[in-house]
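Please read the structure below before turning to the comments.
The values are calculated or read from the model by the stated rules, or taken from the named source; none is laboratory data. Just so we're clear, the structure is a prediction, and the values are computed from it rather than from any experiment. Heads up, the Cβs are rebuilt from the backbone with ideal geometry, glycines too, and the neighbour counts pull from every protein chain shown.
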Amino acid sequence: MRARRTPILIAVAAATALTLSACGGGTLGGGDEEEAGSGGPIKIGLLVPQSGVYKSLGDDMKAGFEVYLEEHDNMLGGVEVEVILADEGETADSGKAAADKLVKQDEVTVVTGVVSSAVMNGVVDLFETSKIPLVGSNASPTTLTDATYIWRTSYVNDQPGEALGAYVAEQVDGSVYFLAADYQAGLDEVTGFKRSFDAAGGETADEVYTPFPGTTNFQPFLANANSSGAEALFSFYAGGAAVEFVKQYDQFGLKGQIDHYSAGFLTEGGVLDAQGESALGTFTAMNYNFDLENELNASFVEAYEAKTGLKPTTYAMASYDAAHVLDLAIEAAGGEDADSESINTAIGEIEKVESPRGTWTWSEIGTPVQTWYLREVQEVDGTLANVVIQELGEL
Amino acid sequence: MSGWFNAHFVSMVDGVAYGLLLFTLAVGLSLVFGMMDVLNLAHGTLYLAGAYTAYALSDGSWLGLLIALVVGLVVGLLGGGLLAAAVAPLQGRGHLDQAALTLGISLIAAEVMVMLFGAEVLPTAPPSALSGSVSVLGHTYPVYRLAFIGIATLLAALVYLAFERSSVGALVRATVADRDMVRTMGVDTRKVLFGVFGFGAALAAVGGVLGAPIIAPGPGIDERVLVLSLVVVVIGGLGSVRGALLGALLIGQVQTLGVALVPSYAPFLLFGAMLLVLALRPQGLFAPGRA
């Protein structure tokens, strides 16, 4: 009797463990709340992950924002600001709760940050109905095209792919194999890539999506890519999956045989150290790299390195730019008299932003029109780094 | 045929490596459940603890790996002992209480490990002598995974022999078959239970130390390997070393060769295989005969 029933029980337990683990996201640690008198400094909500899998991105964005404030004596547009930190966590629910708290309880004037696209989708209504501007500095789903109060200083999810597609179509003499994580960002990236790739006459070997986040072993997928006869591979992975993917790409002998192209996150920030020499020779497209040669970038990199000991990532740079956008907008909106509505109007009227990535302008949907760069992972003075090889044009 | 074999050779070899890794996890779970009737949902936590141990202590040298193995073994034994002591008062109170307790322990342990090691996946380098790749019949394959296959095969053989051929193994098998009868014969079955719990936990933690370069430690890995080993136990049948071994090797192939053959069905293969076994042979494919 027991022998027949117990396996079913275990099966139920397996399913339960799966479900529960999905709810186990850390939501510890609220925000740093500080008392502020009304009529005092302008309150800015900084909504970034302080826990969970995106914490390192959140740390970069927080540091980038703080570097700008430190360079400007904690003043934006001539007014002192008070930054209220809220933990986005890793799920849409935790992010939305934190955004709610910033808007309703802390009564902030503007909000910046937001790492996860799921959170961004979840908070659109909140910001649109409460008419509080959100100057997002990372998440930018392709579906977000008609918001009035939501701006992004990063890029739309499908743009790194789109920037790279035409170049790869010209460069690669043969077919290209596609491997991407099976969720919205992976689909967006491949769709963007193929838009310019197909138009330039590129040839597709196969297009495969790996289960996300469950895949830790890419060997079967890499084996198929290897035997497909493709000349190059385009992939989309970020975070821990990016580390595993790049290492296994090397271990199973694809490196050196099949050129590897990807969106910039594959080798951005801390993951590159974890990938080690396996990452050498990987080509990625990104809107920024710390080695760009312009004056503003030089001072930004210096200040950021002094503060964190690290080279700035695109996440840190976008957050630095968000502070810059707010600086310009608050000043244009009248400094101390600025409110949410006037700041939002002023943001839209900004003609161009001088940025460490170069100068950019607003697109019709409130995202930057900017130059894209092709980077290769190389060894520079004994450490691995992304090195800009050439420009990929403006997008 | 040879073309097919050639294309999927690496997947099959890798399936063996994966299967053996799963075996080190599943065998403890299977015996503890089959024997003590205890459902230990904190089993994956032991793997993760072992994997983090490997990350913290391995520095690319053989000595580092050895120290990590010893520490992992101790961590596993301690963890197993603590878990056995924690579930002991729940004897006879049903699986739900045990599941709630062990799952709670695993969630707390997971948070603690995030606090200690951060929320990133931490890729763990094998000893530098094993870090490259070699050509196996014309295919590039990581040296470490080959070495892992060797060590894990040895480990599996030892466990199998100890369980099937030694007197202690006979005692364990007897306890699985009929606990009350063993107790009647004057054996303190609680000692056997503690021993098996500790042994299974130590094996899972050692699996974690050795498996860290293959399935790297990170948040959520505990649940992922737990689910995999639960599926292995369902497929292999409860309370049997042979069942756990064959079930693990089968799931290893499903997860590599199966995925390579039908990549678009990758998310369904694991549970599809479990569903099939549950429908056709609910006691498990390789369940030991018992009354």
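Observations on the model:
- Of the candidates B:Val227, B:Val182, B:Val192, the single residue that is modelled with pLDDT of 90 or more and of a type outside the set (Ser, Thr, Tyr) is B:Val227.
- Residue match in region A:362-382 (condition: polar (S, T, N, Q) and under 20 Å from A:Glu128 (Cβ atoms)): yes
- Among the residues of region A:319-367, those that are in a loop (DSSP other than H, G, I, E, B), out of contact with any helix residue (DSSP H, G or I) (no Cβ under 6 Å at 6 or more places or on another chain) and among the hydroxyl-bearing types (Ser, Thr, Tyr) comprise A:Thr359, A:Ser363, A:Thr367.
- Filter result for B:Leu275 (modelled with pLDDT of 90 or more, assigned to a helix (DSSP H, G or I), surrounded by fewer than 23 Cβ atoms within 10 Å (Cβ to Cβ) and more than 9 Å from chain A (Cβ to nearest Cβ)): no
- Residue that is farthest from the other protein chains (Cβ to nearest Cβ), among those in region B:112-126 that are part of a loop (DSSP other than H, G, I, E, B) and closer than 23 Å to A:Ala238 by Cβ: B:Thr124
- Residues being part of a strand (DSSP E or B) and surrounded by fewer than 14 Cβ atoms within 10 Å (Cβ to Cβ) - total across region A:370-386: 3
- Top-ranked residue in region B:159-186 [being under 18 Å from the mean Cα position of the chain (by Cα) and over 30 Å from A:Gln248 (Cβ atoms); ranked as surrounded by the fewest Cβ atoms within 10 Å (Cβ to Cβ)]: B:Leu161
- Region A:23-52 - residue that is more than 11 Å from A:Gly89 (Cα to Cα) and at pLDDT 90 or above and, of those, surrounded by the most Cβ atoms within 10 Å (Cβ to Cβ): A:Leu46
- When the residues of region A:132-173 are filtered to those that are of a type in the set (S, T, N, Q) and within 20 Å of A:Thr109 (Cα to Cα), the one that is farthest from the chain's Cα centre (by Cα) is A:Thr148.
- Residue in region A:89-96 that is in a loop (DSSP other than H, G, I, E, B) and surrounded by fewer than 24 Cβ atoms within 10 Å (Cβ to Cβ) present: yes
- Matching entry among A:Ser227, A:Ser235 (being free of Cβ contacts under 8 Å to residues at least 12 places away in the same chain and touching a His at 6+ places or on another chain (Cβ under 9 Å)): A:Ser227
- Restricting attention to region B:247-269, the residues that are touching a Gly at 6+ places or on another chain (Cβ under 9 Å) and more than 9 Å from every other protein chain (Cβ to nearest Cβ) add up to 10.
- Residues that are more than 22 Å from the chain's Cα centre (by Cα) and closer than 27 Å to B:Thr256 by Cα number at least 2 in the following helices (runs of 4 or more DSSP H) confined to region A:206-318: A:219-227, A:239-251.
- Every residue from region B:166-183 that is basic (Lys, Arg) and within 20 Å of B:Ala26 (Cα to Cα): B:Arg173
- Residues of region A:61-77 classified as outside any helix (DSSP H, G or I) and under 13 Å from A:Thr313 (Cα atoms), total: 0
- Which listed residue, of B:Ala26, B:Ala100, is modelled with pLDDT of 90 or more, part of a helix (DSSP H, G or I), within 14 Å of chain A (Cβ to nearest Cβ) and surrounded by 22 or more Cβ atoms within 10 Å (Cβ to Cβ): B:Ala26
- Residues of region A:225-238 that turn out to be buried (at least 21 other Cβ atoms within 10 Å of the Cβ) and either charged (D, E, K, R) or within 7 Å of chain B (Cβ to nearest Cβ) (or both), as a count: 0
- Scanning region A:53-77 for residues that are within 14 Å of chain B (Cβ to nearest Cβ) and surrounded by fewer than 23 Cβ atoms within 10 Å (Cβ to Cβ) gives A:Lys55, A:Ser56, A:Asp59.
- Any hit, region B:112-120, residues being out of contact with any Pro (no Cβ under 9 Å at 6 or more places or on another chain) and farther than 30 Å from A:Tyr249 by Cα: yes
- Residue tally, condition of a type in the set (Ser, Thr, Tyr), closer than 18 Å to A:Ala232 by Cα and within 14 Å of chain B (Cβ to nearest Cβ), over region A:165-209: 2
- Members of region B:29-60 that are more than 13 Å from chain A (Cβ to nearest Cβ), of a type in the set (Ser, Thr, Tyr) and either outside any loop (DSSP other than H, G, I, E, B) or without any contact (Cβ under 8 Å) to a residue 60 or more places away in the chain (or both): B:Tyr52, B:Thr53
- Criterion: surrounded by fewer than 18 Cβ atoms within 10 Å (Cβ to Cβ), of a type outside the set (Phe, Trp, Tyr) and under 21 Å from A:Leu374 (Cβ atoms) - qualifying residue of A:Asp173, A:Asp206: A:Asp173
- Tally, over region B:132-153, of residues that are crowded, with 18+ Cβ neighbours inside 10 Å, part of a helix (DSSP H, G or I) and among the hydroxyl-bearing types (Ser, Thr, Tyr): 1
- Of the residues making up region B:203-224, not one is at pLDDT below 90 and either away from chain A (no Cβ under 12 Å) or within 10 Å of the chain's Cα centre (by Cα) (or both).
- Screening B:Gln253 against (1) at negative phi; (2) of a type outside the set (A, V, I, L, M, F, W, C); (3) not in a helix (DSSP H, G or I) leaves a single unmet condition, (3).
- Annotation note: of B:Ala156, B:Ala129, the sole residue that is more than 9 Å from chain A (Cβ to nearest Cβ), buried (at least 18 other Cβ atoms within 10 Å of the Cβ) and farther than 18 Å from A:Asn217 by Cβ is B:Ala156.
- Members of region B:165-215 that are among the polar types (S, T, N, Q), assigned to a helix (DSSP H, G or I) and free of Cβ contacts under 8 Å to residues at least 60 places away in the same chain: B:Ser167, B:Thr184, B:Thr189
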